[in-house]
Amino acid sequence: MNRRLTLPTEAASQPPVSYIPTPTAAYRQHRKAAEVVLEPGPPRTGLGAEPLPVPFGLGARVLMWKQDPSVGEIGTRKVFLPGLVLDGPRDARITFGQPGIDAVSPNAFGDYVTMPDTPQFDAVHTYAVVRQTLTMYQRALAGASGDSPLPWQWNDSANTAPLVIYPYGLPNVMNAFYSRNQACLKFGDFVPLGQAARMYTCRSFDIVSHETAHAVLDGLKPQWLLADNPPQTGAPHEAFGDMTAIFLTLSQLDQCEAIVAQTKARLHDKTFLADIAEQFGLALGRPNGLRNADNDITLSQAGTEVHALSQVFTGAIYDVLADLFALARAPEHKDDAVVLHQVGTTLRGLVLRALIAAPDHAASYADVVNAMLRLAVDDGLPVATRNAIRNRFVQRQVVQGPLDQDHVAGVDLLPGVQDAPGAVQDRRACCGTMNLAEYYDVEGLLDVERQLLTKWCAEHGRAGGAPAAPSP
Ligand SMILES: [Zn+2]
């Protein structure tokens, strides 16, 4: 088929939207002719409902940043989202709610393809990353593990309210957060010091998937987000955010291919996979993103600092990923990108299910790792996979165990470094979610002050029931 080739010099001068492949006239003619004799009929929902009008039953194409906008080799790509996507965009679980910006309507093909750097593009991009994240984890639980819609924390049989997205929810704020009380994700935008261009956190693939992960995990383990938990219970929340950005990247074959090409299949080389929130990191002068998953931090180095603790878990999982990829590679038989995609699928399933299997309150890192190992046995994964998981978490001081023997199925590993009794979480370096007042017992703190005030008043002759002082 004839396709118009674009010269590199010409491509460089075109806006990103011009990269969308467009069917040729000959192909369109062929499709029209085929439709005459091969009319598939209107799509059906499968729920016994009336047939849906075309094109809504077919899913939607969207144009989105597939990594941070600063990762030039990925840029914008067109993506197909299966399922019903309506004006907003919105679906049953996620909706766009930014005041002052009209809902985005689909084009004639039912697609949401808009120009980058516009409010419409930001709405579509943010929705798409949230949708992809939720779908990825729903798929991880599909089949043998038992399907789950992964409800939001507030969902019950009487409340199916969706998660609301505010791409510009925090103007002039260098942050983003998930709020349970507001049932939403809010993203900040700001002008970095010494720079002219405004930076929008909603445009970051990593930041949007990170915040969505907080919402997903809060629906599964509502106690974990509360600040009165031990540090090793709060840290998985932050780690899950960063791991989700990695898993969502690995769920997309084009990104796997780019990572393989960038690193020559060596995941410990510098790669956008390990660099989390690159554009935000650059704004702060950090060349490896806001965080780097390919780190060597241990539990004893992290202490009670939840952000550092989260890096320990994310770093161990990144090491396991690199190990499993190296073990599974067989370039003479299978493309490296396909293998990386498969390894990512396996690991994200283990992590999600291990988090679910861990205790609902005061879970420790060792609880999660032992759950991963039990699930690996249940799934019939090779002992080399279990060895890699055990060894990397032994190196991080999460569990104890020999590094030179095979993992023994059915025997939980002893914890390594544990939280000290009564240890309090230090969340200062975490993302906006972990620092929201709603996850702290702030009313309890205010009550302490109120009780002191009551005591002082009683001791100083200001008995209760006295007439209130006149208003000024
Ligand atoms: Zn976070």
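Rule-based calculations on the coordinates, nothing more; no lab input. This structure is a prediction, so every number in the text was calculated from the model and none was measured. Cβ atoms come from the backbone with ideal geometry, glycine included; neighbour counts cover every protein chain shown.
Annotations
- Surrounding net charge for Glu305, when Lys and Arg each add one and Asp and Glu each subtract one, Cβ distance under 11 Å: 0
- Charge context of Leu375, other residues only, Cβ under 11 angstrom, K/R +1, D/E -1: +1
- Listed by Cβ neighbour count within 10 Å, with the fewest neighbours leading, Val377, Val260 appear as Val377, Val260.
- Shown for Ile207, Ile94, Ile297: other C-beta atoms within 10 Å of each C-beta, ranked fewest to most, produce the order Ile297, Ile94, Ile207.
- Residue-span extension gain [Ala103 to His460] - 0.36 nm each, minus C-alpha spacing: 122.6 nm
- Taking amide H atoms as placed 1.01 Å from N in the peptide plane, the amide H of Ile94 lies under 5 Å from those of Leu163, each 5 or more residues away in sequence or on another chain.
- Pairwise centroid distance, computed over Cα atoms, of segment 185-222 with segment 95-118, Å: 19
- For Ala60, the amide hydrogen comes within under 5 Å of the amide hydrogens of Leu81, Gly83, counting only partners 5 or more places away or on other chains and with H modelled in the peptide plane.
- Paramagnetic reach from Asn175 in segment 222-260 [backbone N under 20 Å; point 7 Å along Cα→Cβ]: 224-229, 231, 234-242
- Using a simple spin-label model with pseudo-atoms 7 Å out from Cα toward Cβ, Lys264 and Asp335 lie 2.2 nm apart.
- Using the Cβ-Cβ distance between Gln195 and Asp117 with R0 set to 22 Å, the FRET efficiency from 1/(1 + (r/R0)^6) comes to roughly 0.90.
- Estimated from the Cβ-Cβ distance and a Förster radius of 22 angstrom, the FRET efficiency linking Phe80 and Thr345 is about 0.75.
- What the Cβ-Cβ distance of Leu414 and Ala26 gives, at R0 = 45 Å and to the nearest 0.05, is a FRET efficiency of 0.10.
- Cα gyration tensor shape of segment 393-470, rounded if a/c is under 1.5, else prolate or oblate by comparing a/b with b/c: prolate
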